[in-house]
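One structure below.
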């Protein structure tokens, strides 16, 4: 069975469930067109995308298809101005709308859809069609859920009397539209793809040790003896619809687009083992591609998260044909997952099931949020060792258990990606994309800094903006975590990546936005800056000293060491009464932490780059875990994330070797944040730092005995942890401008 056909079956399976749900609507179907027609005028002045979306769906429900297509023109213009990533998403709706108009004019259903598809998709250039293709993956379960929610809101009343009738009609029309549009569009998309490209979706590539790697290869139809550069995504996320979209995107721009699955995924017969074989196997795929008769002998790699790891893992093996890598939100095993700063975090616990239970992806298990929340809480309340998570859950998790056996960044982790001097020999161009709201920033910065540390002349280019983890795949959000992003940051990241590949492989000019190594958007300033190093992001640095001085109920930062009260923190590891605590969405979690603030700023202040810390501390235990989170506290009470650090104190000097504290003695802790920021702080804002010790259900708990933390339990808690910060402890920030507080004279 080919990939496009298997994608169709996946969609049809989803639709069966959706259609079943759609039949349960309690309102009379005959009411909907009349009610929709009455409601259209309510949205006559619609300007926002949300209101325009309701308007065109009401017009569809009322059978006013020409009007609906006109509203779609307005919606597309609104997206182009406010959220350009969504512009291609309008086309499937436009095809549906026009096909319904053709049906109303007397064409049969199949002929109507085929004609609309040919006019609005088939006639497009390859690159524009490739932009639209991923938007055919509409979340049908989400549509069904939204329709059900709106139906409940109108329960027990006539539709015309329901205050939220427009919301129900819009949700119902969306569900009906996609039930109609798919799977009927699948054969049209498949035929269009075969017309535009040469598609081989049955590739199995042999490895030297007898394994087989499943791959998809999509090539543009070129003339004569033209040779192609291959762009490869080597991924554990075996979803054929995702993969086909990725491969077609690269082929649409003149490359051979390739997606290969890691060993054991897709049609590969071997067992799935994350990380272990990926460097060798990716190198094998790269050399196989370089020797195809259509190849020019060059291969680039692209994609992010786990797939960013596979690129660095391949580069560690130096396959001669690998000429460039383009990473985003890049995972670094042992650095950011399953542990950060040598502290294990439970968000990754379900991931081995997600990626290894079946040949594709086990969404049902991974998305069972109730199960994983319950597991974390059960473990937290029980006080059992962290290594007992799978026993509490009741299902073995051997991959996670193996990880727990390596709490140091030891040879187990070092063999997976370049380590130390191995970075010096990686001499290919590297593109790095990450974001201030990207959990993968930790890994992305690690690779970037290590590569330049050991190879100062490395041809690396990084772009950083207010982007989330999957911004490269789904586009830049107009609003993320409550922050409305600047217009300057609303760029097409995939286009930028392709422009960079064109620069590397075709000699095109380097994109202006990548004019230096570090290219970052300053949130709140609506501007891009370009520097040669992360350190150069800031013009100067300022130290904020930790003090015991208070203003009302707040601890205040000081300007310089002085004789003053000493900050102290006590953490009782036996207290689990907070198991159901939900941190406020508008403020940080301050449990088991000290909160330090500056006074309000008199004028704007730009904060840029990484922060550093130097703590002089005395603790009563041999170890503890430290978290430091920086925020901007705005004058209206809102908190905005800046940067953070999480780490085990005993590994702070050397992540490969544990060095325990001597209780009761003074120790110096030097550390640097694992994430960074660039933000223009508004007048009246304060800088807030939450300095604490993690004791929450979703992070491993370090009881401080000095033994392997995974084996410790509440029985090891003993007396509460007590930490004293001595007078010359400080946090250091990078800034542009000068600090002037509102109370200063």
| In nm, to one decimal, how far is the residue 180 label point from the residue 412 one, both placed 7 Å along Cα→Cβ? | 5.6
| remark: Taking r as the C-beta separation of residue 29 and residue 50 and R0 as 30 Å, the FRET efficiency to the nearest 0.05 is 0.75
| field | Helix axis angle, 3-22 relative to the chain longest principal axis, alpha carbon, degrees | value | 90
| query | Hey, how many Å between the Cα centroid of region 307-338 and the Cα centroid of region 605-635? | reply | 30
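Could you quote the convex hull projected area for region 348-411, Cα atoms only and averaged over all directions, in nm²? Before the final figure, lay out the partial values.
On the way: hull surface 19.9 nm².
That works out to 5.0 nm².
Within 10 Å, count the other beta carbons around each residue, average over each peptide in 51-57, 650-656, and list them highest first. Don't jump to the answer; show the numbers that get you there.
On the way: 51-57: 23.3, 650-656: 17.3.
Result, highest mean first: 51-57, 650-656.
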| message | Output the 0 to 90 degree angle, nearest 10, between the alpha-carbon long axis of helix 90-104 and the longest principal axis computed from the alpha carbons of the chain. | response | 20
| said: What FRET efficiency comes out for residue 104 versus residue 41 if R0 is 22 angstrom and r is the Cβ-Cβ distance? Round to the nearest 0.05. | reply: 0.55
| task | Jot down the radius of gyration and Dmax of region 3-190, Cα atoms only, both in angstrom. | result | 16.2, 50
| said: Let's test the formula: R0 of 56 Å, r as the Cβ-Cβ distance of residue 559 and residue 357. What FRET efficiency results, to the nearest 0.05? | reply: 0.50
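Could you rank the peptides 227-234, 133-140 by their average count of other C-beta atoms within 10 Å per residue, with the highest value first? Don't jump to the answer; show the numbers that get you there.
Values: 227-234: 24.6, 133-140: 17.9.
Listed from highest to lowest mean packing, they are 227-234, 133-140.
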| said: Expected output is a single nm value to one decimal: the length gained when fully extending between residue 153 and residue 724, i.e. 0.36 nm times separation in residues minus the C-alpha distance. What is it? | reply: 200.1 nm
| field | Where labels lie 7 Å past Cα in the beta-carbon direction, separation of residue 390 and residue 512 in nm | value | 5.5
| remark: Taking every alpha carbon pair in region 101-203 and sorting the distances into 10 angstrom bins from 0 up to the bin holding the longest one, the percent per bin comes out as 13, 33, 29, 18, 6, 1
| note | For the chain, the longest principal axis of the Cα atoms and the Cα long axis of helix 306-316 enclose an angle in degrees, to the nearest 10, of 70
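When the helices in the chain are scored as -39500 (n - 2.57) per DSSP H run of 4 or longer and the sum is shared across all residues, what 222 nm value do you end up with, to the nearest 500 deg cm²/dmol? Please list the in-between numbers first.
Details: 22 runs with 243 residues, N = 745.
Estimated from H runs of four or more residues: -10000 deg cm²/dmol.
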| query | For the pair residue 347 and residue 142, how long in nm is the line joining their label points, each one 7 Å along Cα→Cβ? | reply | 1.9
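Looking at the chain, what % of its DSSP beta bridges pair antiparallel, to the nearest 5? Could the numbers behind the result be given before it?
Details: 76 of 110 bridges.
Here the share of antiparallel DSSP bridges comes out near 70 percent.
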| Binning every alpha carbon pair distance of region 663-745 at 5 Å from zero, what are the percents per bin? | 2, 8, 15, 17, 16, 15, 10, 8, 6, 4, 0, 0
| region 540-736: D in µm²/s via Stokes-Einstein (Kirkwood Rh, Cα pairs, 10 °C, 1.306 mPa s)? | 91
| query | Which Rg and Dmax, in Å, describe the Cα atoms of the chain? | reply | 27.7, 88
| query | What is the extension gain from residue 226 to residue 74, computed as 0.36 nm multiplied by their sequence separation minus the C-alpha to C-alpha distance, in nm to one decimal? | reply | 50.5 nm
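Could you sort the peptides 257-268, 411-422 by per-residue average Cβ neighbour count (10 Å cutoff), highest mean leading?
Going by the mean number of other Cβ atoms within 10 Å, highest first, we get 257-268, 411-422.
Since every read-out is calculated from the coordinates, none of them should be taken as a lab result. Treat the numbers as computed from the prediction; the structure is a model and nothing was measured. All Cβ positions, glycine included, derive from the backbone under ideal geometry; neighbour counts span all protein chains shown.
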